[in-house]
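The values are calculated or read from the model by the stated rules, or taken from the named source; none is laboratory data. Quantities reported herein were computed from a predicted structural model and do not represent experimental measurements. For neighbour counting, all protein chains shown are included, and Cβ atoms are generated from backbone atoms with ideal geometry for every residue, glycine included. SASA here: full protein model, heavy atoms, side chains in, ligands and nucleic acids out. Shrake-Rupley method; radii C 1.70, N 1.55, O 1.52, S 1.80 Å.
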Protein chains: 2
Amino acid sequence: MRILLVEDDRDLGPRIARALRDERCAVDLVADGIDAAHLGETEQYDAAVLDLGLPGQDGIAVLRAWRGAGRDLPVLVLTARDGWSDKVAGFKAGADDYLVKPFRVEELVMRLRALVRRAAGHAQPLLRAGPLSFDAPTGTFELDGLPLKLTALEWRVLSQLMLRKGAVIERLDLLEKVYEGDADTDSNSLEVIVGRLRKKIGAALIETVRGRGYRLVGA
Amino acid sequence: MRILLVEDDRDLGPRIARALRDERCAVDLVADGIDAAHLGETEQYDAAVLDLGLPGQDGIAVLRAWRGAGRDLPVLVLTARDGWSDKVAGFKAGADDYLVKPFRVEELVMRLRALVRRAAGHAQPLLRAGPLSFDAPTGTFELDGLPLKLTALEWRVLSQLMLRKGAVIERLDLLEKVYEGDADTDSNSLEVIVGRLRKKIGAALIETVRGRGYRLVGA
DNA sequence: GCTCCTTATGCGTATCCTGCTCGTCGAGGA
DNA sequence: TCCTCGACGAGCAGGATACGCATAAGGAGC
């Protein structure tokens with residue numbers, strides 16, 4: 001899961017980033033509105049967390065820029081002010097959710113997960129694929145009912161596949177979402193991770209689509 | 001827009017209903033958990049607003065019942081309690097958003113709008129052409145209802161044709177799209193691919209337009 | 001120390017292109 | 001209308017290639 005975090009507070013930004021990374025997310029943290037607008041338009045993210053009070057460019061303007069460019073990634077907006085007009089402006093510009101500071105980081109994570117789950121077209125908090133189940137709110141996998149222990153990268157790959165079960169996920173998409181920004185295309189690390197995943201959950205579950213990517217077989 | 005509103009407060013319920021109707025929503029207001037579970041499972045709504053403190057049946061149980069029945073309508077949960085565990089339980093049961101009483105009705109309306117907007121973005125129809133169907137989100141083809149196995153280049157060609165079904169796709173356009181820029185014009189590789197495709201899906205489906213390109217016959 | 005991630009190598013195979021011949025289409029003229 | 005000729009596309013098969021997998025070794029981080 002790759003998240004774009006736009007937060008200029010030098011204390012809060014890294015704190016959120018750490019919490020998200022603890023939840024196995026790949027996080028790109030930017031403090032500037034210009035960078036945020038650019039990254040959001042060009043890179044592939046599963047969701048964005050956007051602070052409204054930014055230097056350089058207003059958060060709302062950033063959001064408008066994304067939407068204007070046709071980006072429909074889920075956006076969770078943060079604000080220090082509790083102002084009503086702020087919320088109105090945020091939603092009008094296309095925000096999906098809203099959180100007022102101060103907040104519990106756990107709540108942010110939960111809301112983010114709910115957003116991503118919904119954006120993937122799933123309402124069910126529990127996703128299944130054969131013997132595999134994925135609890136979206138907590139982000140835990142189970143295999144045949146037993147907790148499945150995965151490393152961070154394994155988790156990112158498998159959750160991507162799970163969120164779009166049955167769909168072909170392109171190699172490049174996977175690389176972009178799994179690695180933070182710097183995806184190295186000529187490296188076989190993705191194959192190695194997939195290989196280890198297959199060893200853990202059974203080779204049949206992850207299907208290779210030669211020349212394109214991988215697919216989690218539905219069931 | 002049709003909304004299911006589950007709220008037992010005799011004052012708040014009608015107030016929310018009125019506000020939603022002012023926004024041109026069709027609102028069904030129920031005060032009882034049993035009715036709520038039943039309506040949510042049988043009727044078609046664009047979204048639901050669900051109060052957690054209900055007589056008869058717990059709100060969480062209602063939500064679980066909907067999700068258990070495969071209902072994936074967006075659900076916004078209301079609660080009087082500000083307890084953290086409440087939120088966790090709500091999200092775990094499959095809620096999409098959460099609002100703590102007291103709140104401004106306008107905020108409820110806006111959050112609901114955001115939910116519906118995002119949920120609506122996923123209705124993408126299946127593309128069909130004769131016995132062939134293409135599911136764009138998952139990127140998979142089916143022939144007579146059976147999954148069709150294609151190589152990377154075959155897939156690119158066929159999806160190009162499918163996305164502009166009925167139109168003539170020029171050779172050069174196809175070459176550009178299939179070979180991403182470095183297309184070799186004096187080579188018959190495209191013909192070879194088309195030939196293999198015809199062998200897989202039936203020769204009649206892809207029509208040759210001499211001197212220009214190919215056309216996927218519509219149906 | 002351990003776990004985890006990356007890189008490097010070799011190998012088997014699906015996939016793709018080349019180069020060829022043959023069939024077919026269509027324009028132009030009688 | 002019919003015929004002829006040139007150009008375009010189809011089909012085939014061989015070999016080259018790139019793709020993905022397994023495995024092991026090297027390092028980084030906790």
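Label-point spacing for A:ARG21 across the identical copies (point 7 Å from Cα in the Cβ direction), in nm and ascending order: 5.4.
Quick one: if the Förster radius is 35 Å, what FRET efficiency do A:ARG64 and B:ASP82 give, using the C-beta to C-beta distance and rounding to 0.05? Efficiency, from the Cβ-Cβ distance: 0.60. For chain A, the extents of the C-alpha atoms along the principal axes are 52, 36, 29 Å, listed from largest to smallest. What residues in the range A:77-107 lose 30 Å² or more of accessible surface when the other protein chains are added to their chain alone (1.4 Å probe)? Buried by the other chains: A:TRP84, A:LYS87, A:PHE91, A:ASP96, A:ARG104, A:GLU107. Accessible surface for the range A:126-216, divided over its residues, is 46 Å² per residue with a 1.4 Å probe. Computed on chain A, with alpha-carbon pairs under 8 angstrom and 6+ residues apart, the relative contact order is 17 percent.
Between A:GLU106 and B:GLU106, the FRET efficiency from the beta-carbon distance, with R0 = 22 Å, is close to 0.20.
The HN-Hα couplings worked out from phi for the range A:96-103 by the Karplus form 6.51 cos²θ - 1.76 cosθ + 1.60 (θ = phi - 60°) are 9, 8, 8, 9, 9, 6, x, 9 Hz, whole numbers, x standing for Gly and Pro. Percent of Cα-Cα pairs more than 14 Å apart in the range A:84-164, please. Above the 14 Å cut-off, the range A:84-164 has 68 percent of its Cα pairs. Take every pair of alpha-carbon atoms less than 8 Å apart whose residues are at least six positions apart; their mean separation over the length of the range A:126-216 yields a relative contact order of 28 percent. A simple rule links phi to the HN-Hα coupling: the Karplus curve 6.51 cos²θ - 1.76 cosθ + 1.60 with θ = phi - 60°, which for the range A:22-29 gives 4, 8, 6, 8, 8, 10, 9, 9 Hz, with x for Gly and Pro. Restricting the calculation to alpha carbons of the range B:2-120 gives Rg and Dmax of 12.7, 34 angstrom. Across the identical copies, the label point of B:GLU43 (7 Å from Cα in the Cβ direction) is separated from its matches by 4.5 nm, in order from shortest.
Cross-link reach is defined here as a Cα-Cα straight distance under 19 Å, omitting same-chain residues fewer than 8 places apart; for B:LYS101 the lysines meeting it are A:LYS87, A:LYS101, B:LYS87. Global dimensions of the protein assembly as shown from alpha-carbon coordinates: Rg and Dmax equal 23.8, 77 Å. Simple spin-label estimate for A:GLN57 and B:ASP32 gives 5.5 nm between the two label positions (7 Å along the Cα-to-Cβ direction from each Cα).
As a test, work out the antiparallel percent of DSSP beta bridges whose residues both lie in chain B, rounded to the nearest 5. In chain B, approximately 50 percent of DSSP beta bridges are antiparallel ones. In chain B, helices alone account for a calculated mean residue ellipticity at 222 nm of -12500 deg cm²/dmol, with every DSSP H run of four or more residues adding -39,500 (n - 2.57). Buried surface for the A/B pair, taken as the accessible area of each chain alone minus that of the pair with a 1.4 Å probe, is close to 2900 Å² in total. With its label point defined 7 Å out from Cα along the Cα-to-Cβ axis, B:GLY202 lies at 3.5 nm from the matching points of the other copies, in increasing order. If I model the range B:127-216 as equal point scatterers sitting on the Cα atoms and use the Debye formula, what is log10 I(q)/I(0) at q = 0.10, 0.13, 0.16 Å⁻¹? With no solvent term, the Cα-only Debye profile gives -0.22, -0.38, -0.59. For the range A:141-167 versus the range B:155-177, the inter-centroid distance based on Cα atoms is 35 Å. Listed values for the range A:190-205 are Karplus-derived 3J(HN,Hα) couplings in whole Hz (6.51 cos²θ - 1.76 cosθ + 1.60, θ = phi - 60°), namely 4, 4, 4, 4, 4, x, 5, 4, 4, 5, 7, 10, x, 5, 6, 6, and x replaces Gly and Pro. Once the Cβ-Cβ distance of B:ASP184 and B:THR208 is raised to the sixth power relative to R0 = 22 Å, the FRET efficiency obtained is 0.65. Here the extension length gained between B:LYS199 and B:ALA167 equals 9.4 nm, from 0.36 nm per residue of separation less the Cα-Cα distance.
Helix B:59-68 versus the longest principal axis of chain B: what is the Cα-based angle in degrees, 0 to 90, to the nearest 10? Roughly 20 degrees between the two axes.
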